[in-house]
Amino acid sequence: MVKRAAPSRVPHRLRHEVKGVLLSEAQIAARVRALARQITRDFASREMVVVALLNGTVMFLADLIRHIPLPMRLDFIGVSSYGAGTQSRALEFTKALRLDVRGRDVLLVDDILDTGKTMSAVLAKLRRLNPRRIKVCVLLDKKARRTERVQAHYVGFEIPDEFVVGYGLDFAERYRNLPFIAVLHPAMHAAPNP
Ligand code: PRP
């Protein structure tokens, strides 16, 4: 479990929106490199297909794959819990996979495993395409909120049950560009019209 960093590290302009920095840029960078090393060892024998889930995975994916020096092909699945807010709702698929993964070694990458509904639905879809194996990699694992029987093979950080933003993760499509991961002020996501 991650310890909270000093709130003083939150940039001044965000002090009313963000409660504290949970994971700094340096912590994330070190952990992503370690994950990449582990994945490189595990996937070294065959060309891999990396399947990433849009949109939250963009920063994590970009940092992760540039540290995996293996032949790979990359594709995306667009999937989103419908609407803004903190509750996982109905899933909407916005982009289909185009690469053929039949008989392939697939690394499925997402930013956060929360209830597990997204990952569970995507895994069901992918399994129907008959890949040789699927390994799941997530930067963040919020185990306390899990409702589905799904787990990741590679996890960057286990985090507490708080609403986190930054490094690709959003609240109402904002904050994805923060280079660190921060905890949003509860008042922000309680607001009726963010
Ligand atoms: C977020 C996140 C995961 C999913 C995790 O995606 O990127 O894919 O929720 O939640 P779950 O485990 O409860 O399903 P979101 O639907 O917010 O879309 P985004 O990636 O575009 O932010």
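Assorted remarks:
- Proximal lysines to K19, defined as alpha-carbon separation beneath 30 angstrom and excluding residues fewer than eight positions away on the same chain: K3, K117, K142, K143
- Distance from the C-alpha centroid of the stretch 104-138 to that of the stretch 158-192: 23 Å, rounded to the whole angstrom.
- Computed over the stretch 91-194, Kirkwood Rh from alpha-carbon pairs, angstrom: 15.2 Å
- Reported value for the chain: 111 Å³ per residue, from the convex hull of its C-alpha atoms.
- In straight-distance terms, cross-link reach from K95 covers every one of the aspartates and glutamates whose alpha-carbon lies under 14 Å from its own, apart from those fewer than eight places away in the same chain; here that gives D75.
- Only the Cβ atoms of Lys and Arg (+1) and of Asp and Glu (-1) were treated as charged; on that basis the dipole of the chain about its Cα centre amounts to roughly 420 debye.
None of the figures in this text is laboratory data; all of them are computed from the coordinates on show. In this text, all values refer to a predicted model and were calculated from it rather than measured experimentally. We place every Cβ from the backbone using ideal geometry, glycine too, and count neighbours over all the protein chains shown.
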